[in-house]
1. Starting from the 7 Å offset along Cα-to-Cβ, what nm value, one decimal, do you get for the label separation of Asn475 and Glu146?
2. Going toward the positive end of the dipole of the chain, with +1 on Lys and Arg Cβ and -1 on Asp and Glu Cβ, which of Gly476, Gly568, Pro213 do you reach last?
3. Taking Cα pairs under 8 Å and at least six residues apart, what relative contact order does segment 163-231 come out at, in percent?
4. For Lys429, list the lysines whose Cα falls under 16 Å from its own Cα; do not include residues on the same chain fewer than 8 positions away.
5. What does the charge count near Arg239 come to, summing +1 for each Lys or Arg and -1 for each Asp or Glu among other residues with Cβ under 12 Å from its Cβ?
6. Can you work out the PRE-style zone for Glu153? Point 7 Å along Cα to Cβ, and I want the residues of segment 91-133 with backbone N under 18 Å.
7. At R0 = 41 Å, how high is the FRET efficiency between Ala628 and Asn348 if r is their beta carbon distance? Nearest 0.05 is fine.
8. Given a cut-off of 20 Å, name the pairs among Lys85/Lys517; Lys85/Lys253; Lys240/Lys276; Lys37/Lys276; Lys56/Lys209; Lys162/Lys276 whose C-alpha atoms lie farther apart than that in the structure shown.
Amino acid sequence: MSKGKYYLTTPIYYVNAAPHIGHAYTTIAAETIARFKRMRGYDVTLTTGTDEHGTKVERAAAAQGKTPREFVDLISQEFRSQWEKLGLEIDRFQRTTAQNHAKLVNALFNACCENGYIYKGTYTGLYAVVSESFVTDAKPGDIDPETGKPYEEVTEENYFFKLSAFTERLLEFYDQNPDFIQPEIRRNEVLAFVKQGLSDLSITRTSIKWGIPVEADPSHVFYVWFDALTTYISAIEDRKDELWPADLHLIGKEILRFHAVYWPAFLMAAGWPLPKRIFAHGWLLFENDKMSKSRGNIVRPTPIAEVMGVDALRYFLLREIVFGQDGSFSFDALVGRYNSDLANGLGNLASRTLNMIQQYRDGLIPSPPGDQVIADFATKAASAALEAYERFEFSRALEQIWSIISAVDKFIVERAPWKLAKDTSGEAKQRLDETLYTAAEGLRLVCALASPVLPQSMQTTWNQLGFTQPVSAINGEELRWGQLRAGQKIGTIAPVFPRLDPKPTIERMQELEQVEKNRQAALVGKPSDTAPAAPATPEANADLISIDDFSKVDLRVGEVKSAEPVKGADKLLHLKVDIGEAEPRTIVAGIALAYKPEQLIGRKVVIVTNLAPRKLRGLTSQGMIVAASTEGGLPVLAGFHEDIPVGARLK
C-alpha cells in the first residue's frame, strides 16, 4: 500500500555549458532519495530539466553562430543523454522553452499583479552575468569573481516584484516551519540575509529578447529566476493538484537565496502553495577549488562510469562527502575508496559467501535463522541506516551498512567454515549451515539497504543470491532479518567489484576525460585542448594575484608534537603543531595515506595560520598543513633542508 506521493526536484540546470560532475552529484543524490522513498512505499516523481533563457545563453549562441534555439536544443539534449548514460531514472524532464511553461510563468505573474505585488519602474545597477542577477553590494569598476571582469552597469525599464513586503512574512514562515531550509547552517544564512531587510526585485528585462515575453507587455521578457523556478510546477502541470507542493527541492548552496527567499515570496504573492523543504548541499571541490567552467577544473562523469562503472562514482560521491558540506574529489581518492570499500569489502563478502554455498551446499541456501548475535547487530545497523537515509545522511547510512559487512566478515573468520566443511559430525554440519545462512542473509540485507546508492551492482548481486525479482521491488517487510528462504538456488557467480590497479585506471580515466572534454568543446563551438594555446599575457590572466593578495596568507614554520588517526576517516590525521604560540594548534590534515603518525613527530612543516577554523569529523582544525600532490599521487609535505625556528614566517 502506497504511503502517498513524494515529489522532489533537482535544480533546473542552466545550458550555458555542457553537464559535468557537479550536475551529476546533485542528480545522483536526488535519484538516490527517489529510490529510497520508493523502497519505503511512496509514489515518487523526480523532476529535472534545463533553464534555457537569459543573457548568457544569448551570448553563448551568438559566439557560435547559432540561434539561441539551436544552441539550447543541443545542450538540453546533452543533459538528457548524460543522465541516460549514467542510468539515472528521471520521471520528468522539463525545458523552460516548453509552451506550457511560458503560460504558467505568465499565470504566476498575473496572480502576483492581481494581488498588488508588481509594479513598473526604471532600474540602474551592476549586473552579474553568471548568476543573472543585479549586485547590490558592489561599486562601479568592481570585479565579478566568476568572470574576472567588471560588473556590467545596466539601466532599463523593468517590472518589479515587491520583495520588501515579504520580510516579516518570510521570517514568520521560517519560524513556523523550522525544517523548510536545511541543513541548519544554510537556514541561518537565509535568516541573517532576510533580517537585514529585503529590497524590491526586478523580474523582467527589456534589453534582451531571448526569454519568455510578458503577455500583457511583450517588450518585456521575464527575469531568468522568475522564469526558471516556475519549472518545478510546469513540469507536473498535468498532475499539479496531486503532486504540488513539492516535498523537496534539492539544490547547490550557491542558489539557495533564489529558492529560499525569492521563490516562496513569489508563491506567497500569488497565493500558491509553497514547497515543503529546500535542502542545499555543499560544493564539489577539485584540489580545494570549487569546480567551475571559468576555472577550467571541471571533471566529467562519463569517463569515470566507463572505466569504473556508474556505481563506483555514486558510492564515492555519497560515501566520501558528508552531504550538505563541501567535499573534495580526486581520481586517486576515487580509486582508493573503490578498492577499500567495494572490492575488498562488499565484493569480497559476496564472492566468499556465494562460493562457499556453491562448494559446500551445492548452491542451495541452508536453513535459517542464522546466528542471533549477528542478526541482532544487523537489525540495529539496518534501522540506523534507514534513519540516516531519511535525514539525507548518505555517508552515515553507508557506514552503518558497511558495519554489517565487517561484522559478517569477522564472523566468517571466527567460524572458519572451511574447517567445519571437513568435519563430518552433525554438530559441525549444523554450525556450517548456520554460518552460511548468516553470511548469505547478511549479504541479502546489505544488497537491499545499499541498492538506492548502488542500483546496478546490487541488482547483479541480488540475482547471484538467486532472486528473480528486481531489488528495487523490495518493501519494508523484506528489510527484516530472516527473509532469505532455505533451499533457494543461487545464480551464476561472477565478480561484481574486481580490484583495480590505481595507476592504469587513473591514466585511462584521464585519457577519456580529455576525449570527453574535447567532444563537449566541439559541441559548444570551442577549440579543444589539442590545439596549441596562445601565450597568456599578465593583463589577460585573471588567475594572477598581486603581492598584496599573497601577503595576506600567513605561512609559518611549525613542529608536529603529536599525531593520531581520526576515527572513522581513513585519510585524516589529528595533529598538534607548535607554531610558537602559547598552545600548539590543532590541525586536521588529509595525509594519513602518505604518512604514519610516528613519522611526523618532531617534523618541521609549513602551516597556513590565518585560515578560518573549520570543523572536520568533530575536530576544529585551526589552520592547514602545506603539501604538494599530483593527480593520482600521494601528498608530499613541504619542509626544510636547513634548521629553521618554530614560528618563523615564510615570505
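The values are calculated or read from the model by the stated rules, or taken from the named source; none is laboratory data. Predicted model, so just to flag it, every value in this text is computed and none were measured. Every residue, glycine as well, gets a Cβ built from its backbone with ideal geometry; the counts of neighbours run over all protein chains shown. What goes into the accessible areas is simple: the full protein's heavy atoms, side chains included, and nothing from ligands, DNA or RNA. Shrake-Rupley method; radii C 1.70, N 1.55, O 1.52, S 1.80 Å.
1. 4.7
2. With unit charges placed on the Cβ atoms, the residue in question is Gly476.
3. Numbers: 55 pairs, mean separation 19.0, N = 69.
Dividing the mean separation by the residue count of segment 163-231 yields 28 percent.
4. Lys419
5. Working: positive: Lys5, Arg92, Lys240; negative: Asp43, Asp91, Glu237, Asp238, Asp241, Glu242.
Value of the local net charge: -3.
6. Correct set: 122-129.
7. Working: r = 34 Å, r/R0 = 0.83.
Efficiency, from the Cβ-Cβ distance: 0.75.
8. Details: Lys85/Lys517 16 Å; Lys85/Lys253 26 Å; Lys240/Lys276 15 Å; Lys37/Lys276 16 Å; Lys56/Lys209 12 Å; Lys162/Lys276 23 Å.
Long pairs (Cα-Cα over 20 Å): Lys85/Lys253; Lys162/Lys276.
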